[in-house]
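Data first, discussion second: the structure below is written as structure tokens.
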Amino acid sequence: MIHLSNYIFLSRPRRFGKSLLVSTLQAYFEGRKDLFKGLFIETVEKEWTKYPVLRFSMASGKHMEKEQLERYLIYILEENERRFGITSDSKDPNVRLKNLITTAYEKTGKPVVVLIDEYDAPLLDVVHEETSLPMLRNVMRNFFSPLKDCDPCLKFVFITGITKFSQLSIFSELNNLKNISMDPNFGAVCGITKEEMLTKMQDYIEQLALANEWTHEEAVEQLTQQYDGYHFTWPSPHIFNPFSLLNAMQDKRLDCYW
């Protein structure tokens, strides 16, 4: 993924591990080798260069009017500014973002990584409203507009959301944004495959089977019937809903968790 393009977009449903993936990328680009001990990446990554990472979660930007959303953007910008000892008194989120990227680049001497989680959260509740959607969409488009101009200062940009970015037209200036949502190479990047469940969650399957008086095979079949069946690409491995699967393992019973 990292070597595919400098600008990556991934769409997946809620509670499929997008934020966890963003956290993993943040740890990787911050050079936190200790967190990857025993994993495959430890054997192939030799440098573990520490880059300045800016992470923006739009998850809390829901149910907001235009002015509220602008204040929220300033708030999450300030969070990142404090991490790098950067101050700015501009009231324009796009100006603040551009200053944050360029200053972090200058202060560290390293290109900047930008991770944007749930980019579409502020827009989903108003997606069918003729008045609110254009206003909020313009706020978000304005906020992200510096990304293209800051290209010389950027190492990697990763954006997640529930909806396809073109449907909300806020990244129209990023004509080099690579959408991997339906790329077969990344069909299993979020969620849990059946192979992963069978190899990494054996103890939990046994506990579930014991609690429900099932054989191991019956437990696997029940889990498959209840939580399997997601396919994001073609061809695609069978993907289990991670939120439901983990809850079922914890509760030792099958239920409609999602």
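In table form, for the structure just shown:
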quantity	calculated
The stretch 46-59 residues that are of a type in the set (Phe, Trp, Tyr), paired with ones that are open to solvent by 40 Å² or more (accessible area, probe 1.4 Å) and assigned to a strand (DSSP E or B) (beta carbon under 8 Å, 6 or more apart)	Tyr51/Lys155
Search result, residues across the stretch 215-254 that are part of a loop (DSSP other than H, G, I, E, B) and at pLDDT 95 or above	Thr215, Lys252, Arg253, Leu254
Inter-residue pairs, beta-carbon under 7 Å, first more than 11 Å from Ala209 (Cα to Cα) and in the stretch 245-257, second acidic (Asp, Glu) and surrounded by fewer than 17 Cβ atoms within 10 Å (Cβ to Cβ), 6+ apart	Ala248/Asp255
Given (1) closer than 23 Å to Ser19 by Cα; (2) surrounded by fewer than 18 Cβ atoms within 10 Å (Cβ to Cβ), index of the condition Arg253 fails	(1)
Selection count where residues are farther than 13 Å from Asp228 by Cβ, open to solvent by less than 70 Å² (accessible area, probe 1.4 Å) and over 23 Å from the mean Cα position of the chain (by Cα), scope the stretch 183-201	1
Selection from the stretch 46-58 of residues that are part of a loop (DSSP other than H, G, I, E, B) and within 28 Å of Gly85 (Cβ to Cβ)	Glu47, Trp48, Thr49, Lys50, Tyr51, Pro52, Met58
In the stretch 221-250, residue farthest from Gly187 (Cα to Cα) [restricted to those that are among the β-branched types (Val, Ile, Thr) and open to solvent by less than 20 Å² (accessible area, probe 1.4 Å)]	Ile239
Members of the stretch 1-35 that are among the aromatic types (Phe, Trp, Tyr) and either modelled with pLDDT of 95 or more or not in a strand (DSSP E or B) (or both)	Phe16, Tyr28, Phe29
Filtered residue count, the stretch 34-86, keeping only those that are open to solvent by 80 Å² or more (accessible area, probe 1.4 Å), farther than 30 Å from Thr131 by Cα and not β-branched (Val, Ile, Thr)	10
Phe29 vs. criteria closer than 21 Å to Thr163 by Cβ, surrounded by 12 or more Cβ atoms within 10 Å (Cβ to Cβ) and among the aromatic types (Phe, Trp, Tyr)	no
Condition met for Asp125 (of a type in the set (Asp, Glu) and farther than 29 Å from His231 by Cβ)	no
Any hit, the stretch 188-205, residues being in a helix (DSSP H, G or I), more than 30 Å from Glu218 (Cβ to Cβ) and touching a Phe, Trp or Tyr at 6+ places or on another chain (Cβ under 8 Å)	no
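The values are calculated or read from the model by the stated rules, or taken from the named source; none is laboratory data. A quick note: this is a predicted structure, and the numbers were derived from the prediction, not measured. As a convention, Cβ positions derive from the backbone with ideal geometry for all residues, glycine included, and neighbour counts pool all protein chains shown. SASA here: full protein model, heavy atoms, side chains in, ligands and nucleic acids out. Shrake-Rupley method; radii C 1.70, N 1.55, O 1.52, S 1.80 Å.
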